[in-house]
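A short write-up of the structure that comes next.
The values are calculated or read from the model by the stated rules, or taken from the named source; none is laboratory data. This is a predicted model, so every value here is computed, not measured. Backbone-built Cβ (ideal geometry, glycine too); neighbour counts: all protein chains shown.
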Amino acid sequence: MSSERRFRLGVLGSGKGSNFVAIAEACAAGRLPAEVALVLSDVPDAGILDRARERGLRAQHLSPGSFRTRLDDAAEAAWIAALQAAQVDFVVLAGFMRILKAPLLRTFPRKIVNIHPSLLPSFPGLEAWKQALDYGVKVTGVTVHLVDHGIDTGPIIAQASVPIEDDDTPERLHARIQQVEHDLYPSALALLLAGNLEIEGRRTRRA
Ligand code: GRF
């Protein structure tokens, strides 16, 4: 058995959890020096909770409180407490549909990562693949980035492109983007966990 440190990941998601599965498989295969310590969802019947439980991982629904797009203050304190109790080193957003506020960002400085289905800074926000299709760009893609106070604005760790085909539909494009996500997220996390990422302002580079 390797003596390499295994980082503890807290994964936050609201949806079906395909990126979580890619990350959990990368951990299990030893491609990531990490284990999923806890999965939290604001949606009681989110697929991500089922995918985690199927793998014998701890998964919990926690109330988001009374806000629609964020966690309210009391809820956020409960989410932070759960992540801390699980001794999480990094927080991985995998389809988490709420904007993080200062207390969570302060608790895990530069330790919260997100994946977004476009080449940021183009098309932040919801249904980015649809935004790209409607705009008429010929290339879109995937971005893994550190989370800051803005919406999809933090320093970029990695990007990969996805060409748009003339007869694409939102569903087909999103499916191809998701395939790319499932490779990019584990490899970007590997870079971060290995400490091989220097961050200077907005710019990151491999150390
Ligand atoms: C992904 O497309 C990701 O880019 C976005 O939310 C989606 C989550 O999908 N942030 P899944 O739940 O991981 O399948």
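Taking every residue in region 133-149 that is on the phi > 0 side of the Ramachandran plot and pairing it with any residue that is part of a loop (DSSP other than H, G, I, E, B) and buried (at least 23 other Cβ atoms within 10 Å of the Cβ), at least 6 positions away or on another chain, yields no pair with a Cβ-Cβ distance below 6 Å. Of the set (1) more than 11 Å from the ligand (Cβ to nearest atom); (2) of a type outside the set (Asp, Glu); (3) modelled with pLDDT of 95 or more, all apply to Leu126 but (1).
The rows are residues; the columns are (1) within 15 Å of the ligand (Cβ to nearest atom); (2) aliphatic (A, V, I, L, M); (3) on the phi > 0 side of the Ramachandran plot.
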residue	(1), (2), (3)
Ser14	yes, no, no
Ile23	yes, yes, no
Leu38	no, yes, no
Ala78	no, yes, no
Asp89	no, no, no
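Can you name every residue in region 43-58 that is part of a loop (DSSP other than H, G, I, E, B) and either under 19 Å from Glu76 (Cβ atoms) or in contact with a Gly (Cβ under 7 Å, 6 or more places away or on another chain) (or both)? Correct list: Val43, Pro44, Ala46.
Residues of region 160-187 that are under 20 Å from Gly136 (Cβ atoms), within 13 Å of the ligand (Cβ to nearest atom) and of a type outside the set (A, V, I, L, M, F, W, C): Pro170, Glu171, His174, Arg176. Among the residues of region 186-199, some residue qualifies, meaning at least one is part of a strand (DSSP E or B) and surrounded by fewer than 18 Cβ atoms within 10 Å (Cβ to Cβ). Got a sec? Which of Val91, Val139 is touching a strand residue (DSSP E or B) at 6+ places or on another chain (Cβ under 6 Å) and either at pLDDT below 95 or within 26 Å of Glu200 (Cα to Cα) (or both)? The match here is Val91. Considering region 1-42 alone, what residues qualify as being assigned to a loop (DSSP other than H, G, I, E, B), in contact (Cβ under 8 Å) with a residue 40 or more places away in the chain and surrounded by fewer than 18 Cβ atoms within 10 Å (Cβ to Cβ)? Passing the criteria: Gly15, Lys16, Arg31, Pro33.
Checking every residue in region 95-104 against the condition of being among the β-branched types (Val, Ile, Thr) and more than 18 Å from the chain's Cα centre (by Cα) gives zero matches. Of all the residues in region 92-115, those that are closer than 12 Å to Asp152 by Cα and either basic (Lys, Arg) or away from the ligand (no atom under 16 Å from the Cβ) (or both) number 1. Does Gly65 count as more than 16 Å from the ligand (Cβ to nearest atom), surrounded by 15 or more Cβ atoms within 10 Å (Cβ to Cβ) and not in a strand (DSSP E or B)? It is true that Gly65 is more than 16 Å from the ligand (Cβ to nearest atom), surrounded by 15 or more Cβ atoms within 10 Å (Cβ to Cβ) and not in a strand (DSSP E or B).
May I ask you to verify whether Asp152 is modelled with pLDDT of 95 or more, exposed (fewer than 15 other Cβ atoms within 10 Å of the Cβ) and assigned to a loop (DSSP other than H, G, I, E, B)? Considered against the rule, which asks whether it is modelled with pLDDT of 95 or more, exposed (fewer than 15 other Cβ atoms within 10 Å of the Cβ) and assigned to a loop (DSSP other than H, G, I, E, B), Asp152 comes out as no. Scan region 51-62 for residues that are within 16 Å of the ligand (Cβ to nearest atom) and either surrounded by 14 or more Cβ atoms within 10 Å (Cβ to Cβ) or within 17 Å of the chain's Cα centre (by Cα) (or both) and the total you get is 6.
Scanning region 188-202 for any residue that is within 16 Å of the ligand (Cβ to nearest atom) and either among the aliphatic types (A, V, I, L, M) or under 19 Å from the mean Cα position of the chain (by Cα) (or both) turns up at least one such residue.
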